[in-house]
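Okay, so here's the structure we're looking at.
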Amino acid sequence: QVQLVESGGGLVQAGGSLRLSCAASGRTFSSYDMGWFRQAPGKEREFVAAISWSGRSTYYADSVKGRFTISRDNAKNMVYLQMNSLKPEDTAVYYCAATMKPIPTIVALYDYWGQGTQVTVSS
């Protein structure tokens with residue numbers, strides 16, 4: 001089992017940057033693909049980025065490609081999401097999640113979720 005705790009959210013102006021962190025517990029962390037998702041008020045949770053267990057493969061939603069970077073440090077049980085050139089439409093609660101299933105872009109295939117961290121981008 002994996003427990004996940006996100007941090008690093010906050011209020012930032014458009015064009016600014018934030019770095020989200022996700023701390024994972026459990027000795028099997030390095031076996032999991034990890035993902036970041038977000039949910040804005042009144043909208044469904046959507047895929048943002050994912051990284052394979054080894055860190056060799058990364059995946060991004062088209063809306064964040066070129067602006068966001070996902071990374072992980074298996075020695076520290078940490079996953080990160082560096083968010084640059086933020087836009088008001090990036091405002092949402094951001095969630096970290098873990099899965100061992102293929103196709104890491106699908107919400108329903110993730111088994112473990114954090115509590116979320118709020119990101120607000122002002123115009």
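For segment 37-58, does any single residue satisfy the condition of being assigned to a loop (DSSP other than H, G, I, E, B), under 30 Å from Ser123 (Cα atoms), out of contact with any strand residue (DSSP E or B) (no Cβ under 9 Å at 6 or more places or on another chain) and not hydrophobic (A, V, I, L, M, F, W, C)? Yes, some residue in segment 37-58 is assigned to a loop (DSSP other than H, G, I, E, B), under 30 Å from Ser123 (Cα atoms), out of contact with any strand residue (DSSP E or B) (no Cβ under 9 Å at 6 or more places or on another chain) and not hydrophobic (A, V, I, L, M, F, W, C). Checking each residue in segment 3-37 for being surrounded by fewer than 16 Cβ atoms within 10 Å (Cβ to Cβ), of a type in the set (D, E, K, R) and within 11 Å of the chain's Cα centre (by Cα) picks out only Arg19.
Taking segment 96-117 as the range and being over 12 Å from the mean Cα position of the chain (by Cα) and assigned to a strand (DSSP E or B) as the test, the residues that pass are Thr99, Tyr112. Number of residues in segment 73-95 that are open to solvent by less than 30 Å² (accessible area, probe 1.4 Å) and either within 14 Å of Ser7 (Cβ to Cβ) or in a loop (DSSP other than H, G, I, E, B) (or both) equals 5.
Could you please let me know if Arg67 is farther than 22 Å from Val5 by Cβ and not hydroxyl-bearing (Ser, Thr, Tyr)? In short, yes. When only residues in segment 1-31 that are modelled with pLDDT of 95 or more and outside any strand (DSSP E or B) count, which is farthest from Gln118 (Cα to Cα)? Across segment 1-31, the extreme among qualifying residues is Gly15. Name the single residue, out of those in segment 96-121 being of a type outside the set (Val, Ile, Thr) and open to solvent by less than 40 Å² (accessible area, probe 1.4 Å), that is nearest to Thr58 (Cα to Cα). Out of the qualifying residues, it is Pro104. Residues of segment 38-72 that are closer than 25 Å to Ser85 by Cβ, open to solvent by 60 Å² or more (accessible area, probe 1.4 Å) and of a type in the set (Lys, Arg): Lys43, Arg45, Lys65.
The values are calculated or read from the model by the stated rules, or taken from the named source; none is laboratory data. From a predicted model like this one, the values you see are computed outputs, not experimental measurements. Reconstructed Cβ throughout: ideal geometry from the backbone, glycine too, with neighbour counts over all protein chains shown. Keep in mind that these areas ignore ligands, DNA and RNA; they rest on the heavy atoms of the full protein, side chains included. Shrake-Rupley method; radii C 1.70, N 1.55, O 1.52, S 1.80 Å.
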